[in-house]
Amino acid sequence: MKITALSETPAILEEFANLAGEVRKDPFRTGLLPAGVWKGFATMPTPFPKEFWVARSSDGRVIARVGASVSPVRAAEGAIGFFEADLAHREGATAGYMLLAQAEDWLRSKGVTKAIGPMNFNTWFPYRFRVGAPAERFSWEPENPPQYVEIWEGAGYSDLEVYRSTGYEGLEEFTEHFWPSFEKAADLGFTFRPFDSSKVMEQEVPILYDISMEGFREAFLFEPIPFAAFQVLYVPFAGKLDLGLSVIASHGDHGPVGFFFAFQDRGYVVFKTIALKVSTRGKGVSNAMMYLSAKAARDRGLKKLVTAMVKLGAQSESYGKKAKLLWENRYVLLKKDL
(Lines give C-alpha, C1' and ligand atoms only; values in the text may rest on other atoms or scores of the structure.)
Protein backbone atom coordinates (compact mmCIF):
# COMPACT_ATOMS: atom_id res chain seq x y z
CA MET A 1 0.00 0.00 0.00
CA LYS A 2 1.32 3.45 -0.91
CA ILE A 3 0.57 6.79 0.80
CA THR A 4 0.91 9.97 -1.26
CA ALA A 5 0.74 13.60 -0.09
CA LEU A 6 -1.17 16.17 -2.12
CA SER A 7 1.60 18.73 -1.70
CA GLU A 8 4.08 16.33 -3.31
CA THR A 9 1.78 15.07 -6.08
CA PRO A 10 -0.90 17.65 -7.02
CA ALA A 11 -2.22 15.25 -9.67
CA ILE A 12 -3.95 13.22 -6.94
CA LEU A 13 -6.38 16.10 -6.28
CA GLU A 14 -9.02 14.62 -8.59
CA GLU A 15 -8.83 11.22 -6.91
CA PHE A 16 -8.90 12.86 -3.47
CA ALA A 17 -11.98 14.93 -4.35
CA ASN A 18 -13.88 12.11 -6.06
CA LEU A 19 -13.29 9.41 -3.47
CA ALA A 20 -16.27 10.10 -1.21
CA GLY A 21 -18.69 9.96 -4.14
CA GLU A 22 -17.17 6.71 -5.33
CA VAL A 23 -17.05 4.73 -2.07
CA ARG A 24 -20.06 5.93 -0.10
CA LYS A 25 -23.08 3.64 -0.33
CA ASP A 26 -26.70 4.36 0.58
CA PRO A 27 -27.85 5.39 3.10
CA PHE A 28 -24.52 7.07 3.85
CA ARG A 29 -24.65 9.32 0.79
CA THR A 30 -27.17 11.69 2.37
CA GLY A 31 -25.85 15.23 2.12
CA LEU A 32 -22.68 14.13 0.34
CA LEU A 33 -20.76 17.15 -0.95
CA PRO A 34 -19.80 17.21 -4.65
CA ALA A 35 -16.20 16.76 -5.73
CA GLY A 36 -15.91 20.43 -6.63
CA VAL A 37 -16.53 21.47 -3.02
CA TRP A 38 -13.83 19.07 -1.75
CA LYS A 39 -11.45 20.53 -4.32
CA GLY A 40 -12.25 24.01 -3.07
CA PHE A 41 -11.57 23.02 0.53
CA ALA A 42 -8.29 21.33 -0.35
CA THR A 43 -6.90 24.14 -2.52
CA MET A 44 -8.15 27.33 -0.86
CA PRO A 45 -5.50 29.52 0.81
CA THR A 46 -5.42 29.19 4.61
CA PRO A 47 -3.49 31.02 7.34
CA PHE A 48 -2.43 27.69 8.87
CA PRO A 49 -0.40 24.66 7.71
CA LYS A 50 -2.38 21.83 6.15
CA GLU A 51 -1.71 18.61 4.27
CA PHE A 52 -3.75 15.89 2.58
CA TRP A 53 -2.97 12.27 1.73
CA VAL A 54 -4.44 9.36 -0.17
CA ALA A 55 -3.71 5.66 0.24
CA ARG A 56 -3.37 3.53 -2.89
CA SER A 57 -4.03 -0.19 -2.60
CA SER A 58 -1.84 -2.97 -3.93
CA ASP A 59 -4.08 -3.11 -7.01
CA GLY A 60 -3.42 0.60 -7.74
CA ARG A 61 -6.72 2.13 -6.59
CA VAL A 62 -7.07 5.09 -4.24
CA ILE A 63 -9.08 3.61 -1.39
CA ALA A 64 -8.75 6.11 1.47
CA ARG A 65 -8.01 9.77 2.15
CA VAL A 66 -7.39 12.10 5.08
CA GLY A 67 -6.37 15.69 5.81
CA ALA A 68 -4.70 17.43 8.75
CA SER A 69 -4.15 21.03 9.81
CA VAL A 70 -2.63 22.96 12.70
CA SER A 71 -4.73 25.34 14.75
CA PRO A 72 -3.60 28.96 14.29
CA VAL A 73 -4.77 29.92 17.81
CA ARG A 74 -4.01 26.75 19.84
CA ALA A 75 -0.55 25.76 18.68
CA ALA A 76 -0.56 22.41 20.49
CA GLU A 77 -3.80 21.28 18.78
CA GLY A 78 -4.42 19.98 15.31
CA ALA A 79 -7.39 18.77 13.30
CA ILE A 80 -7.73 15.54 11.35
CA GLY A 81 -10.59 15.32 8.89
CA PHE A 82 -11.59 14.71 5.25
CA PHE A 83 -11.62 11.03 6.21
CA GLU A 84 -12.95 8.44 3.78
CA ALA A 85 -12.20 4.75 3.31
CA ASP A 86 -13.49 2.19 0.82
CA LEU A 87 -14.89 -0.34 3.26
CA ALA A 88 -15.83 -2.72 0.42
CA HIS A 89 -12.15 -3.12 -0.44
CA ARG A 90 -10.23 -5.72 1.53
CA GLU A 91 -7.53 -3.14 2.36
CA GLY A 92 -9.92 -0.24 3.04
CA ALA A 93 -9.98 -0.32 6.85
CA THR A 94 -6.22 -0.91 7.00
CA ALA A 95 -5.71 2.11 4.75
CA GLY A 96 -7.84 4.17 7.13
CA TYR A 97 -5.64 3.24 10.09
CA MET A 98 -2.50 3.97 8.10
CA LEU A 99 -3.68 7.40 7.05
CA LEU A 100 -4.63 8.35 10.61
CA ALA A 101 -1.12 7.38 11.68
CA GLN A 102 0.33 9.42 8.80
CA ALA A 103 -1.70 12.49 9.79
CA GLU A 104 -0.67 12.10 13.42
CA ASP A 105 3.01 11.89 12.48
CA TRP A 106 2.68 15.06 10.42
CA LEU A 107 0.98 16.88 13.30
CA ARG A 108 3.73 15.80 15.70
CA SER A 109 6.31 17.21 13.28
CA LYS A 110 4.52 20.56 13.64
CA GLY A 111 4.65 20.46 17.43
CA VAL A 112 1.06 19.32 17.93
CA THR A 113 0.32 17.21 21.01
CA LYS A 114 -3.46 16.78 20.69
CA ALA A 115 -5.44 15.71 17.61
CA ILE A 116 -9.16 16.49 17.27
CA GLY A 117 -11.43 14.97 14.68
CA PRO A 118 -13.11 14.32 12.47
CA MET A 119 -12.78 18.02 11.75
CA ASN A 120 -12.09 19.57 8.37
CA PHE A 121 -9.76 22.38 9.48
CA ASN A 122 -12.01 23.77 12.23
CA THR A 123 -15.62 23.93 13.39
CA TRP A 124 -16.65 26.27 10.58
CA PHE A 125 -16.30 23.38 8.16
CA PRO A 126 -17.90 19.90 8.34
CA TYR A 127 -16.96 18.03 11.51
CA ARG A 128 -18.20 15.27 13.86
CA PHE A 129 -19.27 11.67 13.26
CA ARG A 130 -22.83 10.45 13.57
CA VAL A 131 -23.17 7.72 16.21
CA GLY A 132 -26.01 5.25 16.60
CA ALA A 133 -28.90 4.54 14.27
CA PRO A 134 -30.64 7.78 13.23
CA ALA A 135 -34.36 8.25 13.64
CA GLU A 136 -34.33 10.70 10.71
CA ARG A 137 -31.71 11.59 8.08
CA PHE A 138 -31.10 15.14 6.84
CA SER A 139 -28.62 16.52 4.33
CA TRP A 140 -27.24 19.09 6.81
CA GLU A 141 -26.19 16.45 9.37
CA PRO A 142 -22.87 14.64 9.63
CA GLU A 143 -23.22 11.29 7.83
CA ASN A 144 -20.82 8.36 7.86
CA PRO A 145 -20.68 4.58 7.95
CA PRO A 146 -20.51 3.41 11.59
CA GLN A 147 -17.24 1.63 10.78
CA TYR A 148 -15.53 5.01 10.51
CA VAL A 149 -16.12 5.58 14.21
CA GLU A 150 -14.82 2.09 14.94
CA ILE A 151 -11.62 2.77 12.98
CA TRP A 152 -10.95 6.00 14.87
CA GLU A 153 -11.70 4.46 18.24
CA GLY A 154 -9.48 1.51 17.31
CA ALA A 155 -6.73 4.03 16.60
CA GLY A 156 -6.99 5.38 20.15
CA TYR A 157 -9.51 8.22 19.84
CA SER A 158 -12.11 8.93 22.53
CA ASP A 159 -15.01 11.36 23.03
CA LEU A 160 -14.23 15.05 23.32
CA GLU A 161 -17.79 16.36 22.94
CA VAL A 162 -21.22 14.91 22.19
CA TYR A 163 -23.91 16.74 20.19
CA ARG A 164 -27.50 16.06 19.32
CA SER A 165 -30.26 17.09 16.94
CA THR A 166 -33.74 16.75 18.36
CA GLY A 167 -37.11 16.67 16.66
CA TYR A 168 -40.23 18.03 18.37
CA GLU A 169 -43.88 18.64 17.68
CA GLY A 170 -45.94 21.47 19.12
CA LEU A 171 -44.66 24.44 17.13
CA GLU A 172 -47.76 26.49 18.05
CA GLU A 173 -47.08 26.33 21.80
CA PHE A 174 -43.34 26.73 21.23
CA THR A 175 -43.90 29.93 19.25
CA GLU A 176 -46.13 31.61 21.82
CA HIS A 177 -43.60 31.02 24.58
CA PHE A 178 -41.20 33.49 22.93
CA TRP A 179 -43.69 36.31 22.24
CA PRO A 180 -42.72 38.32 25.38
CA SER A 181 -39.08 38.34 24.27
CA PHE A 182 -40.06 39.78 20.90
CA GLU A 183 -42.06 42.53 22.61
CA LYS A 184 -39.10 43.35 24.87
CA ALA A 185 -36.61 43.51 21.99
CA ALA A 186 -38.96 45.62 19.87
CA ASP A 187 -39.45 48.06 22.75
CA LEU A 188 -35.67 48.41 22.97
CA GLY A 189 -35.54 49.49 19.33
CA PHE A 190 -34.43 46.27 17.65
CA THR A 191 -35.77 45.61 14.17
CA PHE A 192 -35.90 42.34 12.30
CA ARG A 193 -36.09 41.11 8.72
CA PRO A 194 -35.94 37.71 6.97
CA PHE A 195 -32.93 36.68 4.90
CA ASP A 196 -33.11 37.58 1.23
CA SER A 197 -32.68 34.18 -0.44
CA SER A 198 -31.98 35.87 -3.79
CA LYS A 199 -28.95 37.74 -2.40
CA VAL A 200 -27.33 35.23 -0.06
CA MET A 201 -23.74 35.47 -1.27
CA GLU A 202 -23.50 39.19 -2.06
CA GLN A 203 -25.66 40.64 0.74
CA GLU A 204 -26.29 38.20 3.58
CA VAL A 205 -22.98 36.31 3.84
CA PRO A 206 -20.93 39.48 4.60
CA ILE A 207 -23.39 40.28 7.41
CA LEU A 208 -23.19 36.73 8.79
CA TYR A 209 -19.39 36.88 8.69
CA ASP A 210 -19.20 40.16 10.61
CA ILE A 211 -21.57 38.95 13.32
CA SER A 212 -20.03 35.47 13.54
CA MET A 213 -16.45 36.62 14.04
CA GLU A 214 -17.53 38.55 17.13
CA GLY A 215 -20.47 36.49 18.30
CA PHE A 216 -18.65 33.13 18.37
CA ARG A 217 -15.31 34.42 19.68
CA GLU A 218 -15.78 32.65 23.02
CA ALA A 219 -17.34 29.50 21.56
CA PHE A 220 -15.81 26.04 21.89
CA LEU A 221 -12.84 25.58 19.50
CA PHE A 222 -13.42 28.98 17.87
CA GLU A 223 -10.92 30.04 15.23
CA PRO A 224 -11.22 33.16 13.07
CA ILE A 225 -11.22 32.47 9.35
CA PRO A 226 -10.78 34.78 6.34
CA PHE A 227 -13.89 36.06 4.64
CA ALA A 228 -13.01 34.15 1.45
CA ALA A 229 -13.03 30.86 3.38
CA PHE A 230 -16.31 31.79 5.08
CA GLN A 231 -17.85 32.40 1.66
CA VAL A 232 -16.91 28.87 0.54
CA LEU A 233 -19.03 27.47 3.37
CA TYR A 234 -22.21 28.91 1.89
CA VAL A 235 -21.63 27.78 -1.69
CA PRO A 236 -23.54 24.48 -1.15
CA PHE A 237 -26.52 26.42 0.29
CA ALA A 238 -26.71 29.41 -2.04
CA GLY A 239 -29.77 29.10 -4.25
CA LYS A 240 -30.69 25.69 -2.83
CA LEU A 241 -32.25 26.43 0.55
CA ASP A 242 -35.27 28.63 1.20
CA LEU A 243 -33.86 30.93 3.87
CA GLY A 244 -37.07 32.91 4.33
CA LEU A 245 -37.35 31.50 7.87
CA SER A 246 -33.94 32.94 8.83
CA VAL A 247 -33.83 36.31 10.59
CA ILE A 248 -31.40 39.22 10.86
CA ALA A 249 -31.67 41.63 13.81
CA SER A 250 -30.53 45.26 13.60
CA HIS A 251 -30.38 48.19 16.00
CA GLY A 252 -30.29 51.80 14.89
CA ASP A 253 -26.94 53.11 13.70
CA HIS A 254 -25.24 49.85 14.76
CA GLY A 255 -26.72 48.04 11.79
CA PRO A 256 -27.05 44.22 11.88
CA VAL A 257 -26.23 42.84 15.34
CA GLY A 258 -27.53 39.27 15.25
CA PHE A 259 -28.81 36.49 13.05
CA PHE A 260 -30.84 33.33 13.39
CA PHE A 261 -30.17 30.74 10.69
CA ALA A 262 -33.23 28.51 10.10
CA PHE A 263 -34.84 26.77 7.15
CA GLN A 264 -37.60 24.35 6.20
CA ASP A 265 -36.74 20.73 5.56
CA ARG A 266 -39.02 17.71 5.17
CA GLY A 267 -41.93 19.18 7.11
CA TYR A 268 -39.79 20.63 9.90
CA VAL A 269 -38.45 24.09 10.63
CA VAL A 270 -34.78 23.51 11.40
CA PHE A 271 -33.26 25.88 13.97
CA LYS A 272 -29.57 25.79 13.10
CA THR A 273 -27.50 28.75 14.34
CA ILE A 274 -27.90 31.83 16.53
CA ALA A 275 -25.21 34.51 16.79
CA LEU A 276 -25.22 37.91 18.49
CA LYS A 277 -22.74 40.71 18.86
CA VAL A 278 -21.60 41.06 22.47
CA SER A 279 -23.39 44.37 23.13
CA THR A 280 -26.71 42.80 22.12
CA ARG A 281 -26.73 39.92 24.58
CA GLY A 282 -29.16 39.77 27.49
CA LYS A 283 -31.84 41.85 25.75
CA GLY A 284 -34.10 39.09 24.49
CA VAL A 285 -32.90 39.32 20.88
CA SER A 286 -32.13 35.60 20.48
CA ASN A 287 -35.58 34.61 21.67
CA ALA A 288 -37.16 37.38 19.60
CA MET A 289 -35.56 35.98 16.44
CA MET A 290 -36.64 32.51 17.53
CA TYR A 291 -40.21 33.79 17.83
CA LEU A 292 -40.21 35.36 14.38
CA SER A 293 -38.74 32.28 12.72
CA ALA A 294 -41.14 29.92 14.51
CA LYS A 295 -44.10 32.18 13.70
CA ALA A 296 -43.16 32.28 10.00
CA ALA A 297 -42.88 28.49 10.00
CA ARG A 298 -46.23 28.14 11.77
CA ASP A 299 -47.81 30.47 9.21
CA ARG A 300 -46.58 28.09 6.50
CA GLY A 301 -48.51 25.32 8.18
CA LEU A 302 -45.53 23.60 9.81
CA LYS A 303 -46.11 21.88 13.13
CA LYS A 304 -42.70 20.34 13.88
CA LEU A 305 -39.24 21.70 14.63
CA VAL A 306 -35.64 20.53 14.95
CA THR A 307 -32.98 22.01 17.19
CA ALA A 308 -29.92 21.09 15.15
CA MET A 309 -26.54 19.76 16.28
CA VAL A 310 -26.49 21.28 19.76
CA LYS A 311 -23.58 20.54 22.08
CA LEU A 312 -24.84 18.68 25.14
CA GLY A 313 -25.18 21.10 28.02
CA ALA A 314 -25.53 24.19 25.82
CA GLN A 315 -28.13 26.77 26.77
CA SER A 316 -30.07 26.23 23.54
CA GLU A 317 -30.92 22.71 24.69
CA SER A 318 -33.58 24.34 26.86
CA TYR A 319 -35.61 25.26 23.78
CA GLY A 320 -36.75 21.65 23.57
CA LYS A 321 -38.51 21.95 26.92
CA LYS A 322 -41.18 24.03 25.20
CA ALA A 323 -42.32 21.22 22.85
CA LYS A 324 -42.98 17.46 22.74
CA LEU A 325 -40.00 15.21 21.97
CA LEU A 326 -40.24 13.06 18.82
CA TRP A 327 -36.71 11.78 18.20
CA GLU A 328 -33.02 12.43 18.76
CA ASN A 329 -29.86 11.95 16.66
CA ARG A 330 -26.39 12.04 18.19
CA TYR A 331 -22.90 12.95 16.97
CA VAL A 332 -19.44 12.88 18.48
CA LEU A 333 -16.18 14.80 18.18
CA LEU A 334 -13.09 12.77 19.13
CA LYS A 335 -9.65 13.48 20.55
CA LYS A 336 -6.29 11.78 20.98
CA ASP A 337 -3.12 12.81 22.80
CA LEU A 338 -0.15 12.46 20.48
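The values are calculated or read from the model by the stated rules, or taken from the named source; none is laboratory data. What you are looking at is a predicted structure, and each value in this text was computed from that prediction instead of being measured. Note that we place each Cβ from the backbone using ideal geometry, even for glycine, and neighbour counts take in every protein chain shown. Side chains included, ligands, DNA and RNA excluded: accessible areas come from the protein's heavy atoms. Shrake-Rupley method; radii C 1.70, N 1.55, O 1.52, S 1.80 Å.
Per-structure values
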read-out	value
Rounded, prolate or oblate (a/c below 1.5 giving rounded, otherwise prolate when a/b exceeds b/c) for the chain by Cα gyration tensor	prolate
R0 of 56 Å, Cβ-Cβ distance D59-R217: FRET efficiency to nearest 0.05	0.70
Rounded if a/c under 1.5, otherwise prolate or oblate - region 1-77, Cα gyration tensor axes	oblate
Distance between modelled label sites at E153 and D105, nm, 7 Å Cα→Cβ extension	2.7
Top positive-direction residue, dipole computed over region 4-86 with Cβ charges, set V66, V54, I12	V66
Extension gain from A135 to K114, taking 0.36 nm per residue of separation minus the Cα-Cα distance	4.3 nm
Charge dipole of the chain about the Cα centre (unit charges at C-beta), most positive-ward option of A85, P145, M44	P145
Residue-normalised accessible area of the chain, given per residue in Å² at a 1.4 Å probe	43
Relative contact order (percent, whole number), the chain, Cα cutoff 8 Å, 6+ residue spacing	21
Full-extension gain in nm, R29 to E14, via 0.36 nm per residue minus C-alpha separation	3.5 nm
Partner lysines for K324 [C-alpha distance under 22 Å; skip if fewer than 8 residues away on the same chain]	K272, K295, K303, K304, K311
Accessible-area composition of the chain, carbon plus sulfur, in percent [1.4 Å probe]	51
Principal-axis tilt of helix 285-299 within the chain, Cα atoms, nearest 10 degrees	90
Gained length - E161 relative to M44, 0.36 nm times residue gap less alpha-carbon distance	39.3 nm
Cα-centred dipole magnitude for the chain, charges only on beta-carbon of K, R (+1) and D, E (-1), debye, nearest 20	320
Size of charge dipole - region 58-152 - debye, nearest 20, with Cβ of Lys, Arg +1 and Asp, Glu -1, no other charges	280
Degrees separating the helix 92-109 axis from the principal Cα axis of the chain, which is the longest one	80
Between 0 and 90°, nearest 10: helix 205-215 axis offset from the chain longest Cα axis	90
